[in-house]
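For reference, the structure is listed below as structure tokens.
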2 protein chains.
Amino acid sequence: MYSMLRWPLRLLSLSRSRESSVLSITQSKFFAESNMTKSALIILAPGAEEMEFTIAADVLRRAGVNVTVAGLNGSEPVKCSRDVVIVPDKSLEEALADEPYDVVVLPGGLGGSNAMGDSKAMGELLRSQESAGRLIAAICAAPTALAKHGIATGKTLTSYPAMKPQLVDKYCYVDDANVVQDGNLITSRGPGTAYEFALKISEQLAGTAKAQEVAKGMLLNFN
Amino acid sequence: MYSMLRWPLRLLSLSRSRESSVLSITQSKFFAESNMTKSALIILAPGAEEMEFTIAADVLRRAGVNVTVAGLNGSEPVKCSRDVVIVPDKSLEEALADEPYDVVVLPGGLGGSNAMGDSKAMGELLRSQESAGRLIAAICAAPTALAKHGIATGKTLTSYPAMKPQLVDKYCYVDDANVVQDGNLITSRGPGTAYEFALKISEQLAGTAKAQEVAKGMLLNFN
Ligand SMILES: [Cu+]
């Protein structure tokens, strides 16, 4: 009665060495470089898509990543796109004192993505992340925030389909993959691809075996 | 708000054959009976699985259902199983003043499920829901809370696989379906089946076309 669009196909066939996939242009070596606990900064902006936010935070914590949830505009509770109210761990301003993070994650949601695109602090964070070659991950509408800040221009990415017109001029846009990795940039399409997105980030930070273990515990496959 | 007399508590019609991953023993007629906005009460307990909670709340709101998020132990922020902190709309006690709800939804998570199973107020709510023939939906570990309160005994259900030993004696346990409906009881297995679970509830309350539309907006299929 139900199936993920292309679920078992693309991301799940994206694996480290087995295949050359157009979707994974280069592979990061974060995990190979160090066994230290990795860190993730997840931005929580007003109007964020709460499923994309929650899946990223939960899955990365299941993978043993040290996750900080940063409120874009402060540490007060944030009303998400469908009125779920989530309390960040701290404000983005506070979280910046603990830079660097191995990955900065931008959940989607139209309101949240617009707010991140308009935030000067986000622009600075993303530029510092990019120039140091650390991971940036954005899903759904959030790649438009990257575009507004001039991040990863020219790279290959995907997004929520309706955002494509805002992205095609600056990026090499992919329509037919749920998750796209181009070097230090990981992008994905929407709520229905959020598990895949979070597992792909987990794989980068904690390794393939850990991502597979986490997927299995959630009754999903990750190959 | 509308007549429950025609609700087929344990009717006969077997599942629609086109639904393969859902076992549907009886088919409810909520949507056919009334076009009024339907209501859902989603319980938010300490230790709830935040993805299962958030997906249920978000998807049902996308489907136009009037969702109330009730904190099991009050209206204060609730720390979920992977430390995501969510603010309920009101306490369960307050929410009970607005009974009845067309569906009561129990997200999983071990801590949350244990708390719901130990709560006297939950027991009363579930008994009132069951005796009126209204929908009860539980995912992951949450069916164990139904078992503790003696709800839906003898019905066909599923759960997170590890919970099976606690359920086989009281229920007809299904291993090989992501979502199981037996009359007014809808159950599901875990985070990886949470979209399916939420879409199935949405279908019951808002109709198949609406559930399909919501699925499509999330880049999922629901047939
Ligand atoms: Cu669970």
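Given B:Ala152, B:Ala141, B:Ala137, which one is aliphatic (A, V, I, L, M), assigned to a loop (DSSP other than H, G, I, E, B), open to solvent by less than 10 Å² (accessible area, probe 1.4 Å) and within 16 Å of the ligand (Cβ to nearest atom)? So that I can check it myself, show each step before the final result.
Working: B:Ala152 fails: within 16 Å of the ligand (Cβ to nearest atom); B:Ala137 fails: assigned to a loop (DSSP other than H, G, I, E, B).
Sole residue among the options that is aliphatic (A, V, I, L, M), assigned to a loop (DSSP other than H, G, I, E, B), open to solvent by less than 10 Å² (accessible area, probe 1.4 Å) and within 16 Å of the ligand (Cβ to nearest atom): B:Ala141.
Take the residues in the stretch B:75-89 that are in contact with a helix residue (DSSP H, G or I) (Cβ under 8 Å, 6 or more places away or on another chain) and open to solvent by less than 20 Å² (accessible area, probe 1.4 Å); name whichever of them is nearest to the ligand (Cβ to nearest atom).
That would be B:Cys80.
From the list A:Gly183, A:Gly190, exactly one residue is touching a Gly at 6+ places or on another chain (Cβ under 9 Å), within 12 Å of another protein chain (Cβ to nearest Cβ) and touching a residue at least 40 places away in the same chain (Cβ under 8 Å). Which is it?
After applying the criteria, what remains is A:Gly190.
Here's a check for you: in the stretch B:195-209, which residue that is within 16 Å of the ligand (Cβ to nearest atom) and within 9 Å of chain A (Cβ to nearest Cβ) is surrounded by the fewest Cβ atoms within 10 Å (Cβ to Cβ)?
Checking each candidate, the answer is B:Glu196.
What are the residues in the stretch B:106-134 that are open to solvent by 10 Å² or more (accessible area, probe 1.4 Å) and either within 14 Å of chain A (Cβ to nearest Cβ) or within 12 Å of the ligand (Cβ to nearest atom) (or both), if any?
Those that are open to solvent by 10 Å² or more (accessible area, probe 1.4 Å) and either within 14 Å of chain A (Cβ to nearest Cβ) or within 12 Å of the ligand (Cβ to nearest atom) (or both): B:Leu110, B:Gly111, B:Asn114.
Would you please list the contacts, defined by Cβ atoms under 7 Å and residues six or more apart or on different chains, that run from a residue in the stretch B:122-148 that is free of Cβ contacts under 8 Å to residues at least 12 places away in the same chain to a residue that is within 16 Å of the ligand (Cβ to nearest atom)?
none
Can you go through B:Ala95, B:Ala57, B:Ala63 and tell me which one is at the interface with chain A (Cβ under 8 Å from one of its Cβ atoms) and open to solvent by less than 70 Å² (accessible area, probe 1.4 Å)?
Only one candidate qualifies: B:Ala57.
If we scan the stretch B:51-73, do we find a residue that is outside any strand (DSSP E or B), under 23 Å from B:Leu126 (Cα atoms) and among the basic types (Lys, Arg)?
Yes, because at least one residue in the stretch B:51-73 is outside any strand (DSSP E or B), under 23 Å from B:Leu126 (Cα atoms) and among the basic types (Lys, Arg).
Considering only the stretch B:41-53, state which residues are of a type outside the set (Asp, Glu) and either closer than 18 Å to B:Gly74 by Cα or surrounded by fewer than 24 Cβ atoms within 10 Å (Cβ to Cβ) (or both). Before the answer, list the steps.
Pass one, the stretch B:41-53, residues of a type outside the set (Asp, Glu): B:41-48, B:51, B:53.
B:Leu41, B:Ile42, B:Ile43, B:Leu44, B:Ala45, B:Pro46, B:Gly47, B:Ala48, B:Phe53 - these are the residues of the stretch B:41-53 that are of a type outside the set (Asp, Glu) and either closer than 18 Å to B:Gly74 by Cα or surrounded by fewer than 24 Cβ atoms within 10 Å (Cβ to Cβ) (or both).
Just give me the residues in the stretch B:176-191 being within 16 Å of the ligand (Cβ to nearest atom), over 12 Å from the mean Cα position of the chain (by Cα) and open to solvent by 10 Å² or more (accessible area, probe 1.4 Å), in sequence order.
Matches in the stretch B:176-191: B:Asn178 only.
If a residue has to be hydrophobic (A, V, I, L, M, F, W, C), part of a loop (DSSP other than H, G, I, E, B) and in contact with a strand residue (DSSP E or B) (Cβ under 7 Å, 6 or more places away or on another chain) to count, how many in the stretch A:162-200 make the cut?
Of the residues in that region, 2 qualify.
Given (1) surrounded by 24 or more Cβ atoms within 10 Å (Cβ to Cβ); (2) within 14 Å of chain B (Cβ to nearest Cβ), where does A:Gln212 come up short, assuming only one miss?
The single condition A:Gln212 does not satisfy is (1).
Enumerate the pairs (first residue in the stretch A:201-223 and part of a helix (DSSP H, G or I); second residue anywhere and of a type in the set (Lys, Arg) and modelled with pLDDT under 95) with beta-carbon separation below 7 Å, excluding pairs fewer than 6 apart on the same chain, so at least 6 apart or on different chains.
Taking only residues 6 or more apart or on different chains, the pairs are A:Thr208/A:Arg16.
Which ranges mark the helices (runs of 4 or more DSSP H) fully within the stretch A:81-133 that have 2 or more residues being among the acidic types (Asp, Glu)? Step through it out loud before you land on a result.
Numbers: elements: A:92-96, A:110-118, A:120-131.
Fully inside the stretch A:81-133 and qualifying: A:92-96, A:120-131.
The values are calculated or read from the model by the stated rules, or taken from the named source; none is laboratory data. Fair warning: this is a prediction, and the values are worked out from it, not measured in the lab. Glycine gets a Cβ as well: all are built from the backbone with ideal geometry, and neighbour counts include every protein chain shown. When the accessible area is computed, the model is the full protein with side chains, heavy atoms only, and any ligands, DNA or RNA have been set aside. Shrake-Rupley method; radii C 1.70, N 1.55, O 1.52, S 1.80 Å.
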